[in-house]
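These notes concern the structure reproduced below.
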Amino acid sequence: MIKKEKGKFSKKLSLKVRLGYGIGDTAICFYWSGVGFLLLYFYTDVVGISPILAGSIFMIGMLWDAFTDPFMGYMAERTRTKWGVYRPYLLFGNIPLALSFVLLFWVPPFDGPLLVVSLILINILHRTCFTVVSVPFSSLTPRITSDSEERTNLTGFRMLGAQTGTILITSLAFPIIFLVGGSEGEAKGFLVMAAIAGFAALIIQSITFMTVKEPTNSNGIERVSGSLYEALIAVSKNKPFWLVFSATLIVGVTTLFFGKSLIYYVKYGLDLHEHQGTVAFTGSIIGFLSIPVWWFISNKIGKRKTWLISMSLTFIAFIAFYLYPISTLNELLVLVGLLGLGAGANGILFWSMLPDTIEYGEVNTGIRSESSLYGFMTFAQKGSIAIAASIYTIALTIIGFVPDEIQTVETITSMKSIMSLIPALGVGLSIVFIYFYPLDSETHKKLLSELEELNAES
């Protein structure tokens, strides 16, 4: 239960609220990580289309998702129901989302242009359903609590939930696919895997809806922009947001090259396709176990310093991946584990830093519109990821990659460079951006005090 005291929420949230919100991201990551980890491989090695065509379809779906996010945010923050502003979308959006995820991993019985059109339409349908649920879910964080440290705690539970979802979908997907597919091949296995994940996500989000109660507003009054244009102007003047946004965006876009390559590198570079689940599980479980550590460190030394430390370790891990001549499963697991260590920090820091920038923007512009901000963030993030994924598939073609064929030594060497050096560059740039991030716990408390004064005057 969330309590209000003198116009603001109490610092402490109940364990029920923290757990309920946290497991919600388990369901979200079934979809997000499932698409990110599996979809390109499904298109190239199961559906049987070229990497460039697969990347183009992926890009179209992600760009559609990106463009709908700001509008979803704008609409959501103006929703008024007995269940709250954002919770109704968790209730009514999850069945369509689960069904669309199953369709995403269905091989349409068509050839040529009709096959391509079918894949595009299914992709767009799924991304629309995902937007309807994910944007309101993310927007709940600043609405549940206004305290910066409590947001870190809430985000910690969320990231544990997110990492749990990633662990489950990435480590169990291929074992399920191989078990169910049998002699019929991977197509049947992918469909059953998606159905299991969709059903589980549906149950989990229902629990989130029942356990997380939404307050009337975040700081005692409603401060919502009058138009989408005003919301975008407010975002443009928010310096801390842009620093967090830039750092997170560049990390997300560049590490995509590692995530997309890993399945192919394990299968073709190391001939360890049957160990895909083990490799994915190792990186994810290390990331999961590291979250409480980074959570603790962040509460002790602050979010900015924690980012600088964690991303420095991640940078070193990517360089090590590039330089070390990997030849065995154990060697690969060690390096993937090191990368998972940094990944655990990225999520918890970003999703706890971003809400703090909302109050900064509200003090400086008089506008509070968390959904528009989240929507803009995800718009840029997904749009950039879509373009990066397309570039990645072009790069695969350039280096000579051919699906379901033995790859040349040159192709594998080039793939290893792409999946390590590009992410290292992105992580390095994120360190530079966050170095100039101006908010800490004390600064945020001052912002909340200013907001209370503004609220009292209004």
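The values are calculated or read from the model by the stated rules, or taken from the named source; none is laboratory data. Because the structure is a prediction, the values reported are computed rather than measured. Backbone-built Cβ (ideal geometry, glycine too); neighbour counts: all protein chains shown.
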Subject >> Test result for Phe350, within 23 Å of the chain's Cα centre (by Cα), modelled with pLDDT of 95 or more, buried (at least 20 other Cβ atoms within 10 Å of the Cβ) and among the aromatic types (Phe, Trp, Tyr) >> reply: no
Original post:
What number of residues in segment 184-236 are modelled with pLDDT under 80 and among the basic types (Lys, Arg)?
Top reply: 1
Subject >> Qualifying positions in segment 287-342 - at pLDDT below 90, among the aromatic types (Phe, Trp, Tyr) and closer than 19 Å to Thr170 by Cβ >> reply: Phe288
Original post:
Any residue at all in segment 286-309 that is assigned to a helix (DSSP H, G or I), of a type in the set (Gly, Ala, Ser), under 19 Å from Ile422 (Cα atoms) and touching a helix residue (DSSP H, G or I) at 6+ places or on another chain (Cβ under 8 Å)?
Top reply: no
Subject >> Residues satisfying the stated conditions in segment 183-202, i.e. without any contact (Cβ under 8 Å) to a residue 40 or more places away in the chain and either hydroxyl-bearing (Ser, Thr, Tyr) or over 12 Å from Leu168 (Cα atoms) (or both) >> reply: Ser183, Glu184, Lys188, Gly189, Val192
Original post:
Listed residues Val432, Val363; which is free of Cβ contacts under 8 Å to residues at least 24 places away in the same chain and more than 21 Å from Leu40 (Cα to Cα)?
Top reply: Val432
Original post:
Looking at Gly36, is it within 19 Å of the chain's Cα centre (by Cα), small (Gly, Ala, Ser) and at pLDDT 90 or above?
Top reply: no
**OP:** Looking for whichever is of a type in the set (A, V, I, L, M, F, W, C) and more than 30 Å from Leu262 (Cβ to Cβ) here; the options are Leu104, Leu121, Leu91, Leu39. Which one fits?
**Re:** Leu91
**OP:** Look through segment 73-98, keep the residues that are over 19 Å from the mean Cα position of the chain (by Cα) and surrounded by 24 or more Cβ atoms within 10 Å (Cβ to Cβ), and return whichever of them is nearest to Thr26 (Cα to Cα).
**Re:** Val85
Original post:
So which residues in segment 394-450 are in a loop (DSSP other than H, G, I, E, B) and exposed (fewer than 13 other Cβ atoms within 10 Å of the Cβ)?
Top reply: Asp404, Glu405, Ile406, Phe436, Pro438
Original post:
So, of the residues in segment 109-119 that are surrounded by fewer than 16 Cβ atoms within 10 Å (Cβ to Cβ) and at pLDDT 95 or above, which turns out to be nearest to Ile169 (Cα to Cα)?
Top reply: Val117
Subject >> Where Asn299 falls short, out of the listed (1) of a type outside the set (Phe, Trp, Tyr); (2) more than 22 Å from the chain's Cα centre (by Cα); (3) more than 23 Å from Thr443 (Cβ to Cβ) >> reply: (3)
Subject >> Selected residue (criterion: nearest to Ile28 (Cα to Cα)) from residues of segment 321-347 that are buried (at least 16 other Cβ atoms within 10 Å of the Cβ) and among the small types (Gly, Ala, Ser) >> reply: Gly347
Original post:
For Thr248, are the conditions met, namely being modelled with pLDDT of 90 or more, out of contact with any Asp or Glu (no Cβ under 6 Å at 6 or more places or on another chain) and surrounded by 21 or more Cβ atoms within 10 Å (Cβ to Cβ)?
Top reply: no
Subject >> Pairs, first more than 17 Å from Gly347 (Cα to Cα) in segment 306-327, second surrounded by 19 or more Cβ atoms within 10 Å (Cβ to Cβ) and of a type in the set (Val, Ile, Thr), C-beta under 7 Å, six or more apart >> reply: Phe318/Val427
Subject >> Set Ser430, Ser417: member being out of contact with any helix residue (DSSP H, G or I) (no Cβ under 6 Å at 6 or more places or on another chain) and modelled with pLDDT of 85 or more >> reply: Ser417
**OP:** Spot the failing condition for Tyr360; the list is (1) more than 16 Å from Trp242 (Cβ to Cβ); (2) in contact with a helix residue (DSSP H, G or I) (Cβ under 7 Å, 6 or more places away or on another chain); (3) modelled with pLDDT of 75 or more; (4) hydroxyl-bearing (Ser, Thr, Tyr), and only one is missed.
**Re:** (1)
Original post:
Restricting the search to segment 147-193, which residues are hydrophobic (A, V, I, L, M, F, W, C) and within 21 Å of Leu341 (Cβ to Cβ)?
Top reply: Phe157, Met159, Leu160, Ala162, Ile167, Leu168, Ile169
**OP:** Assess whether Ser284 counts as being modelled with pLDDT of 90 or more and out of contact with any Leu (no Cβ under 8 Å at 6 or more places or on another chain).
**Re:** no
